[in-house]
Amino acid sequence: MSRGDMAKPLLGHRSMEGDSSSTPAAGRTIGVLGSGDFARSLAIRLVCSGFKVVVGSRNPKRKANLFPSAAEVTFQAEAVKKTDVIFVAVFREHYSTLCDLADVLAGKILVDVSNNTEINHHKESNAEYLASLFPACTVVKGFNVLSAWTLQSGARDGNKQVLLCSNNQEAKRTVAEIAQVMGFTPVDMGCMSSAREIENIPLRLLPAWKIPIFLSLGLFLCFFTYNLIRQVIHPYIREQKNKLYKIPIEVVNTTLPCVAYVMLSLVYLPGVVAACSQLYYGTKYRRFPDWLDQWLQHRKQIGLLSFFCAALHAVYSLCLPMRRSHRYQLIEMAVKQAVEKKMNIWVEEEVWRMEIYLSVGIIALGLLSLLAITSLPSIANSLNWREFSFIQSTLGFIALVISTLHTLTYGWSRAFDENQYKFYLPPTYTLTLLVPCTVIIAKVIFVLPCIQQRLLRIRRGWEKGRYVKFVLPSATGEFSSGETSSNV
């Protein structure tokens with residue numbers, strides 16, 4: 001899971017939080033045009049932050065009781081005259097109703113907070129459209145990525161970032177100062193051409209999660225079908241036994257750890273592929289293929305989904321003894337033992353296997369929990385790079401090794417039992433070992449001094465076939481420079 005995903009701003013642009021400009025004085029008057037939910041939440045937040053708020057409405061008498069008592073609700077023309085910074089909290093299709101105010105709006109800063117109902121619904125962004133209607137005004141796009149709930153709750157809930165863009169740096173700085181006083185973190189997204197990108201952000205549903213979710217669902221369906229054939233269809237065809245009752249709990253519980261285990265290995269596999277690519281080409285400056293680049297960027301989400309499946313597996317496993325079918329099987333086994341007059345059925349090997357299996361599984365789940373917690377931005381930002389790298393890389397690899405031990409202990413010697421191969425299909429856990437064992441073996445190879453040193457040199461800038469300068473001490477103790485090929 002890469003550090004960059006958790007530490008960088010929402011879109012990787014610089015934050016304006018450290019701007020040296022002074023914050024606006026308490027009591028500055030801010031205008032709000034509109035009377036919807038967002039306009040009301042915005043007015044509440046501004047009042048709580050110490051601003052004087054003037055709300056412009058076409059029906060001020062009817063709307064006055066919806067706003068805090070400290071906010072002045074008046075007609076739009078009167079509100080515009082009393083302030084130089086105005087939040088336009090109306091829909092795009094209603095921008096034309098403000099054209100009558102063009103004269104009094106001239107020279108003022110308009111903050112466009114609108115969003116679209118569809119991605120790229122119009123040829124130009126709402127902010128650019130507003131700027132074209134009021135060329136004498138300065139338009140700043142911002143606050144559209146915040147919800148009404150976040151505004152009412154303040155910066156302690158929801159996303160703290162406010163994305164801003166404008167062609168006027170001074171106007172953008174003024175709005176950024178207002179955002180800071182409100183308790184949010186302004187992020188400079190550049191000029192007005194970025195408005196379309198900012199307006200599309202609230203419309204995207206988990207953009208970084210689509211590929212990991214589809215990957216986990218695909219793995220789940222594959223393993224579920226495989227386990228269904230082995231645990232339900234095979235007994236029905238070979239022994240005419242109805243095992244459909246196993247589907248809701250037992251088959252799902254057999255599938256979840258397979259998905260969690262493979263997904264965890266897929267977090268570290270792209271790093272292995274990237275290292276092999278760097279070793280093969282002898283440089284770190286060669287661009288990775290797009291599929292590998294996307295894979296590296298989605299490691300955080302893949303890891304969190306792995307933890308989710310592992311947590312579900314733990315809950316399902318705890319529920320196994322609660323099933324009615326399990327109780328019937330215990331009673332049947334007890335009756336069978338009584339009929340056969342078996343007084344002791346203790347199997348030492350099975351007892352030790354289960355004890356080790358559960359213990360290792362608990363440790364693996366604990367490490368996965370630690371990885372999931374430290375991937376959260378609030379926790380990750382409190383760690384330095386070495387601490388974060390140790391947890392996500394070193395402890396993550398340890399978690400993969402322990403998960404492998406958990407799987408091997410589950411299999412024990414049953415992998416060599418021919419009765420486990422139903423329809424000549426190997427047990428599911430043997431299939432899940434392929435990718436993780438590949439990752440573990442590759443990691444062990446990379447630890448070898450000859451491989452590790454070469455990879456370290458490449459990541460520090462060394463390139464195969466490039467001539468580099470070097471400095472050697474002379475016989476007198478002085479240093480002299482020379483030149484040689486880095487191939488040597």
**Item:** Among THR29, ILE211, CYS48 - extreme Cα towards positive end, dipole of the chain, charges at beta-carbon
**Value:** ILE211
**Prompt:** Between LEU146, VAL104, VAL181, whose Cα lies farthest towards the positive end of the dipole of region 29-203 when Lys and Arg beta carbons carry +1 and Asp and Glu beta carbons carry -1, centred on the Cα centre?
**Reply:** VAL181
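Note down the net charge around ALA43, summing +1 for each Lys or Arg and -1 for each Asp or Glu among other residues with Cβ under 15 Å from its Cβ.
Value of the local net charge: +4.
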**Message:** Can you tell me the orientation of helix 348-374 relative to the chain, as the angle in degrees between its alpha-carbon axis and the longest Cα principal axis, to the nearest 10?
**Reply:** 10 degrees
**Request:** Grab the other residues whose beta carbon is less than 11 angstrom from that of GLN329, score K and R as +1, D and E as -1, and report the net.
**Result:** +3
**Prompt:** Under 5 Å between amide H atoms, partner at least 5 residues away or on a different chain: which partners does SER57 have, H built in plane at 1.01 Å?
**Reply:** THR74, PHE75, GLN76
**Request:** Using a 1.4 angstrom probe, figure out how much accessible area the chain has per residue, in square angstrom, rounded to the nearest whole.
**Result:** 55 Å²
**Request:** Search the structure for amide H atoms under 5 Å from the amide H of THR185, placed 1.01 Å from N in the peptide plane, and list their residues when 5 or more places away or on another chain.
**Result:** GLN161, VAL162
**Fill in**
By the mean-Cβ-within-10 Å protection proxy, highest first, 108-119, 207-218, 175-186 rank as 175-186, 108-119, 207-218
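To the nearest 20 debye, what is the magnitude of the charge dipole of region 328-373 about its Cα centre, counting +1 on the Cβ of each Lys and Arg and -1 on the Cβ of each Asp and Glu?
Numbers: 4 positive and 6 negative charges, 23 e Å.
Around 120 debye, computed over region 328-373.
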**Request:** Could you point to the label whose value was computed as mean projected area of the Cα convex hull in nm² for the structure here, given (1) 50.1; (2) 23.0; (3) 37.2?
**Result:** (3)
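Relative contact order for the chain: what percent, with Cα pairs under 8 Å and sequence separation of 6 or more?
Reported as a whole number, the value is 13 percent.
Computed FRET efficiency, Cβ-Cβ of TYR281 and LYS422, R0 45 Å: what is it to the nearest 0.05?
Working: r = 45 Å, r/R0 = 1.00.
Approximately 0.50, to the nearest 0.05.
Once you order the gyration tensor axes a ≥ b ≥ c over the Cα atoms, which shape class does region 226-291 get: rounded for a/c under 1.5, otherwise prolate or oblate by comparing a/b with b/c?
prolate
How large is Rg/Rh for region 29-203, to two decimals, with Cα atoms and a Kirkwood Rh?
Values: Rg = 14.6 Å, Rh = 15.8 Å.
We get a ratio of 0.92 for region 29-203.
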**Prompt:** To the nearest Å, what is the center-to-center distance of region 110-144 and region 41-77, using C-alpha atoms only?
**Reply:** 22 Å
**Complete:** Binned at 10 Å starting from 0, the alpha-carbon pair-distance distribution of region 212-350 in whole percents comes out as 10, 26, 26, 18, 12, 6, 2, 0
**Request:** Round to the nearest 10 and give me the degree value, 0 to 90, for the angle of helix 299-319's Cα axis relative to the longest principal axis of the chain.
**Result:** 50 degrees
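Would you please give the FRET efficiency between CYS48 and ILE451, computed as 1/(1 + (r/R0)^6) with r the Cβ-Cβ distance and R0 = 60 Å, to the nearest 0.05? Write down the numbers at each step before the final one.
Numbers: r = 59 Å, r/R0 = 0.98.
FRET efficiency, CYS48 to ILE451: 0.55.
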**Under 25 Å from LYS82, Cα to Cα: lysines that are on another chain or at least 8 residues apart** = LYS52, LYS61, LYS63, LYS108, LYS141, LYS172
**Request:** List, in order, the whole-Hz ³J(HN,Hα) value for each residue of region 192-198 obtained from phi through the Karplus relation with A = 6.51, B = -1.76, C = 1.60 and θ = phi - 60°; use x for Gly and Pro.
**Result:** 5, 5, 7, 4, 4, 5, 5
**Message:** Here is the link list: LYS123/LYS160; LYS443/LYS464; LYS210/LYS443; LYS246/LYS422. Which ones come out longer than 20 Å on Cα distance?
**Reply:** LYS123/LYS160; LYS443/LYS464; LYS210/LYS443
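Taking only the Cα atoms of region 209-460, how large is their convex hull per residue, in Å³?
Values: hull volume 42.2 nm³, N = 252.
Cα convex hull per residue, to the nearest whole number: 168 Å³.
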**Asked** If you average the sequence gap of Cα pairs under 8 Å that are 6 or more apart and divide by the length of region 249-347, what percent do you get for the contact order?
**Response** 41 percent
**Request:** Would you work out which of SER403, ALA380, VAL262 lies farthest towards the positive end of the dipole of region 209-460? Charges go on Cβ: Lys and Arg +1, Asp and Glu -1.
**Result:** ALA380
**Request:** Could you please state, rounded to a whole Å, how far the C-alpha centre of region 411-443 is from the C-alpha centre of region 301-351?
**Result:** 21 Å
**Fill in**
Karplus ³J(HN,Hα) for region 78-93 (6.51 cos²θ - 1.76 cosθ + 1.60, θ = phi - 60°; Hz, whole; x = Gly/Pro) runs 5, 5, 5, 5, 8, 8, 9, 10, 10, 8, 8, 9, 10, 6, 4, 5
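The values are calculated or read from the model by the stated rules, or taken from the named source; none is laboratory data. Note that the structure is predicted; figures quoted are calculated from it, not measured. All Cβ positions, even for glycine, are placed from backbone atoms using ideal geometry, and neighbour counts span all protein chains on display. Just the protein is used for accessible areas: all its heavy atoms, side chains included, with ligands, DNA and RNA removed. Shrake-Rupley method; radii C 1.70, N 1.55, O 1.52, S 1.80 Å.
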